[in-house]
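Before any comments, here is the structure.
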Amino acid sequence: MPDAVIFPPLLCPASVDYAEMMAHVEHVEAALDACHAHGVPLVWFVSDQVFDAGSDMPIEESVLPSPRDEGLQRLLETGNRIRSKLAEHFIVRTGPLMALEGRGAWLAEILESMVDGKPLRAAEDEIICPTPVQAVARATIGMLAQQFSGANAWGAYHLAGVEPVSLFTFHGVVRHQLEIQLSRRHVDLTPGEIQPLHHHHDHPLRRVLNCRQMLETFGVHQKPWRLALDAMLEQWCQTRFGGEGSL
């Protein structure tokens with residue numbers, strides 16, 4: 001019997017078609033039924049895109065999403081079923097996940113497009129908190145370890161990177177740091193340019209998660225995403241180009 005079942009998030013749920021959304025929630029609900037039958041805790045990760053209207057203030061854990069999109073509403077229904085059916089659960093809302101491997105590895109896709117010289121378009125008026133997958137993994141292990149030691153603090157939590165940033169600025173930082181890594185390796189390559197987009201002309205969309213309960217309950221500190229980005233770029237360039245990363 002497992003200690004817990006951990007279900008990864010559906011990345012970018014706001015942009016998937018309804019069939020893919022239904023497949024995801026059906027898998028989650030099947031896992032929920034199995035966990036309920038065998039008394040096993042469930043950890044379900046959810047993208048911050050469920051807050052599709054954003055908020056001028058950091059979004060607290062106690063705030064329930066109220067999405068307008070039909071697919072996101074179905075995602076919310078699954079969360080409500082988890083709450084009502086299984087006491088021992090974590091619903092963990094995360095920012096956009098920074099990863100180099102796996103399905104939907106956002107950072108790796110950005111880097112591949114850049115080294116191919118492709119221009120990338122990113123919104124200047126959408127504010128997010130990039131979240132390194134390593135930080136999520138460490139936090140999850142710590143949370144479960146404390147629960148199994150008697151913490152008794154199941155429920156919904158936010159786990160996102162600190163330092164809110166626009167998508168356009170984030171892409172720009174990635175491009176700049178990539179140029180530094182390429183220079184160190186003497187790779188003669190000009191990354192693709194970043195072009196600004198504007199989706200929210202009246203008011204920027206801010207999806208900034210307040211992770212205070214995560215800190216107060218489990219002592220999990222979020223570090224700036226820039227620190228993780230440096231290490232991940234070093235790793236990616238070492239795999240892609242080889243050579244030394246230091247001057």
Legend entry - Translational D in µm²/s for the chain (Stokes-Einstein at 4 °C, 1.567 mPa s, Kirkwood Rh from C-alpha pairs): 67
Inset, instruction - Considering only A87, A122, A108, give the residue with the highest GNM mean-square fluctuation for the chain, with springs between Cα atoms whenever their separation is below 10 Å. - result: A87
Inset, instruction - Diagonalise the Cα gyration tensor of the stretch 1-122 and give the resulting equivalent ellipsoid semi-axes, square root of 5 times each eigenvalue, largest first, whole Å. - result: 28, 18, 14
Legend entry - Highest-first arrangement of 89-101, 228-240, 170-182, where packing means the average Cβ count within 10 Å: 89-101, 170-182, 228-240
Legend entry - Extended-chain gain in nm, criterion 0.36 nm per residue less alpha-carbon gap, A137 and H186: 14.3 nm
Inset, instruction - Please work out whether the stretch 131-247 counts as rounded, prolate or oblate from its C-alpha gyration tensor, where a ≥ b ≥ c are the square roots of the eigenvalues and a/c under 1.5 means rounded, while otherwise a/b larger than b/c means prolate and anything else oblate? - result: oblate
Inset, instruction - With all distinct Cα pairs included, what does the Kirkwood hydrodynamic radius of the stretch 91-143 come out to in Å, to one decimal, could you say? - result: 12.7
Inset, instruction - Calculate for the chain the 222 nm mean residue ellipticity that helices alone would give, adding -39,500 (n - 2.57) per DSSP H run of length 4 or more and normalising by residue count, nearest 500 deg cm²/dmol. - result: -14000 deg cm²/dmol
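Every number here is computed from the coordinates shown, using simple stated rules; none is lab data. The model shown is predicted, which means the values in this text are computed figures rather than measured ones. Using ideal geometry, Cβ is built from the backbone for each residue, glycine included, and neighbour counts are taken over all protein chains shown.
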